[in-house]
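Q: Attaching a single structure in structure tokens format; questions to follow.
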């Protein structure tokens, strides 16, 4: 019974957190993306980076938890922006890897140095001690969520 209560409490806390997270994290982040670049596109680029810069469509679909047909549309958009390219495997022509291009790497680097400043004002509002707690909490959440997806290259389970 105690475990059930904890699960309900965690669910309630998550549901209370989501509007705050959206207002303070997601909305400023979405506004900082270049015109035409969706959250899903950014996430895909970031996941490719985590995977060492290249992955098959199947690998990307698994880690993103998207059906292949949706991932194909997403990759098509990334190809249009020249963030990724499709590269055939010379040893097996049936295998096509999605690889980050130089433009894709530059976008991530530029985004981190310039556009991620959208969080600076938020972080500066947090008391120094609370900032440490916030940072550790983010690391803890990141670790836990990565471990929920066994296909995630940042999972400590693999």
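Q: Express the C-alpha Rg of the range 36-104 as a ratio against the empirical globular expectation 2.2 N^0.38 Å, rounded to two decimals.
A: Working it through for the range 36-104, the quotient is 1.00.
Q: What is the angle, in °, between the Cα long axis of helix 102-113 and the longest principal axis of the Cα atoms in the chain? Nearest 10 is fine, range 0 to 90.
A: Helix 102-113 sits at roughly 20 degrees to that axis.
Q: How far apart, in nm, are the 7 Å Cα→Cβ label points at residue 65 and residue 79?
A: The modelled label-to-label distance comes out at 2.7 nm.
Q: Please identify, among 58, 72, 13, the residue showing maximal mean-square fluctuation in a Gaussian network model of the chain using a 10 angstrom Cα cutoff.
A: Of the options given, 13 has the highest mean-square fluctuation.
Q: OK, next. Compute the distance in nm between two label points, each set 7 Å from the Cα along the Cα-to-Cβ direction, one at residue 132 and one at residue 72.
A: Roughly 5.3 nm, to one decimal.
Q: Per-residue ellipticity at 222 nm for the chain, helices alone: DSSP H runs ≥ 4 residues times -39500 (n - 2.57), over residue total, nearest 500 deg cm²/dmol?
A: -19000 deg cm²/dmol
Q: Relative contact order for the range 1-99 using alpha-carbon pairs under 8 Å, separation at least 6, rounded to a whole percent?
A: Averaging sequence separation for qualifying contacts and normalising by length gives 21 percent for the range 1-99.
Q: Separate question: Could you tell me how many degrees, from 0 to 90 and to the nearest 10, lie between the Cα long axis of helix 128-148 and the main elongation axis, the longest principal axis, of the Cα atoms of the chain?
A: Once rounded, the angle reads 50 degrees.
Q: Same structure, new question: How many nm is it between the label spots at residue 106 and residue 49, if each spot is 7 Å from the Cα in line with the beta carbon?
A: 1.5 nm
Q: For the chain, what ratio Rg/Rh do Cα atoms give with a Kirkwood hydrodynamic radius?
A: Here the Rg-to-Rh quotient is 1.02.
Q: As an exercise, use a Förster radius of 41 Å and the Cβ-Cβ distance of residue 3 and residue 118 to find the FRET efficiency, rounded to the nearest 0.05.
A: Here the calculated transfer efficiency is 0.60.
Q: Moving to a separate point now. If I fit a long axis through the Cα atoms of helix 68-80 and take the longest principal axis of the Cα atoms of the chain, what angle between them do I get, 0 to 90°, rounded to 10?
A: 80 degrees
All of the numbers you see were taken from the coordinates with simple rules; none came from a lab. What you see is a predicted model; the values in this text were computed from it and never measured. Positions of Cβ are backbone-derived with ideal geometry, glycine not excepted, and every protein chain shown enters the neighbour counts.
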